[in-house]
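Take a look at the structure below.
The values are calculated or read from the model by the stated rules, or taken from the named source; none is laboratory data. Bear in mind that the values here come from a model prediction, so they are computed numbers and not experimental data. Using ideal geometry, Cβ is built from the backbone for each residue, glycine included, and neighbour counts are taken over all protein chains shown. Surface areas here come from the heavy atoms of the whole protein model, side chains and all, with no ligands, DNA or RNA. Shrake-Rupley method; radii C 1.70, N 1.55, O 1.52, S 1.80 Å.
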Amino acid sequence: MPLAEPDIVAKLQRREPTGYLLSSVRGVGQVDLQPCLWTGLLILAALWSAGWQIGLFATLGTLISTVTAYALGVDRSNIALGLQGYCGCLTGIALVVYLGHHPATYVLAVVGAIICTLLTATLTTLLSPYGLTALTAPFCLVSGVMVLGAPSFGRIWHGTPEGVADPTSGDTGISWSDLWHAFFTNVSQIFLVDEWYVGLIMLVGLACAGVRVFLFAAAGSVMGIVAAWALGAPTAQIAQGIYGYNAVLVAIAVGAVFLTGTVANGVYALFGAAATTGLTASLTSLFKPFGGHTFTWPFILTTWALMAAVPLLPRLRRST
């Protein structure tokens, strides 16, 4: 995940509990790998606009993960950048989306957010020697296990909430309406939301993080659409962002965060965005028999693979 200016970190460390709240807001932005405060605020506003339950559980998960990091003595500069809150944010959203709004979901969201902080430390320790970061893997592991196991527990499982099933249309034709909806929902679907206006607000938030971030987010969305259409993905799934959200994350991570701004690096990032679109279909098919969910695994695996290769590819350069 990206770093912030030392003076910003120092200010956040000195102001408590204001620093805690600002760190939590930054944690929302770090889902898209951005520590910019305005990015976090706009994304959080977009989540609340998607529905109070989405906004509430995103906020709850972020706050709990962040306070857990404080309680466990995680490095304050790391917390200040929002690096301890983003997996809790996504976990809270995933649980309310797939398990519904029930008292048990609140308990699971709190427990899941705490475990996310622990797993972030675990994966950071394991991946650091390879120059890799945990990304959203803690979220995928925690949410995947909880959602997969939920039907076995009567106090947790209340049936599949209405509206969470993937579209099943096999139509591969695509219209202008499908295209512009997909462009925005590719961004919002990162947070398990398929409303185009939510993606629009989030794109504005990403623009606050810088032109380069915005351009790679937009390019990743376009690449996801093109790749999905070229492969013959169902139009309904393309329009709802099912095939494009991982492409957006890969484009931002590789093109705007982890590598420098060269042409070669940009092409590499967009190649990764296209590749992760195909991987999304593969992992969806792999997880489906087990009742699991793809979440952001395609983004994680693609980014790890691309970044692990960089030391042996002289034309590509990491950001300092």
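Within segment 261-273, is even one residue open to solvent by 30 Å² or more (accessible area, probe 1.4 Å) and touching a Ser or Thr at 6+ places or on another chain (Cβ under 7 Å)? Taking every residue of segment 261-273 in turn, none turns out to be open to solvent by 30 Å² or more (accessible area, probe 1.4 Å) and touching a Ser or Thr at 6+ places or on another chain (Cβ under 7 Å). Can you tell me which of (1) outside any helix (DSSP H, G or I); (2) open to solvent by less than 10 Å² (accessible area, probe 1.4 Å); (3) in contact with a Lys or Arg (Cβ under 9 Å, 6 or more places away or on another chain); (4) not acidic (Asp, Glu) is the one residue 40 doesn't meet? (1) is the only condition that residue 40 fails. Pairs under 6 Å by beta carbon, first residue closer than 13 Å to residue 268 by Cα and among the polar types (S, T, N, Q) in segment 291-320, partner modelled with pLDDT of 95 or more and open to solvent by less than 40 Å² (accessible area, probe 1.4 Å), six or more apart or different chains? Within 6 Å, the pairs are 302/250; 302/272; 302/276; 303/250; 303/253. Can we say residue 97 is open to solvent by less than 50 Å² (accessible area, probe 1.4 Å), assigned to a helix (DSSP H, G or I) and closer than 22 Å to residue 210 by Cβ? No: the conditions fail for residue 97. Within segment 202-242, take every residue that is modelled with pLDDT of 95 or more and of a type in the set (Phe, Trp, Tyr) and give me the one that is least open to solvent (accessible area, probe 1.4 Å). If we take residues in segment 202-242 being modelled with pLDDT of 95 or more and of a type in the set (Phe, Trp, Tyr), then 216 is least open to solvent (accessible area, probe 1.4 Å). Checked against (1) open to solvent by 10 Å² or more (accessible area, probe 1.4 Å); (2) over 22 Å from residue 221 (Cβ atoms); (3) in a helix (DSSP H, G or I), residue 45 passes all but condition (2).
Yes/no matrix, rows are residues, columns are (1) of a type in the set (S, T, N, Q); (2) modelled with pLDDT of 90 or more; (3) under 21 Å from residue 293 (Cβ atoms); (4) open to solvent by less than 20 Å² (accessible area, probe 1.4 Å):
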residue	(1), (2), (3), (4)
115	no, yes, yes, no
119	no, yes, yes, no
128	yes, yes, no, no
135	no, yes, yes, yes
138	no, yes, yes, yes
143	yes, yes, yes, yes
149	no, no, yes, no
153	no, no, yes, no
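Filtered by the rule that a residue be under 22 Å from the mean Cα position of the chain (by Cα) and part of a helix (DSSP H, G or I), segment 66-83 gives 66, 67, 68, 69, 77, 78, 79, 80. Within segment 118-132, residues that are over 15 Å from residue 310 (Cβ atoms) sit with their Cβ atoms under 9 Å from residues that are open to solvent by 60 Å² or more (accessible area, probe 1.4 Å), at 6+ positions apart or across chains, in these pairs: 118/72; 119/141; 121/72; 123/141.
Given the condition assigned to a helix (DSSP H, G or I), open to solvent by less than 50 Å² (accessible area, probe 1.4 Å), modelled with pLDDT of 95 or more and among the aromatic types (Phe, Trp, Tyr), answer yes or no: does some residue in segment 193-201 qualify? No, there is no match, as no residue in segment 193-201 is assigned to a helix (DSSP H, G or I), open to solvent by less than 50 Å² (accessible area, probe 1.4 Å), modelled with pLDDT of 95 or more and among the aromatic types (Phe, Trp, Tyr).
Scan segment 244-260 and give yes if some residue there is modelled with pLDDT of 95 or more, over 27 Å from residue 198 (Cα atoms) and of a type in the set (A, V, I, L, M, F, W, C), otherwise no. Yes: one or more hits.
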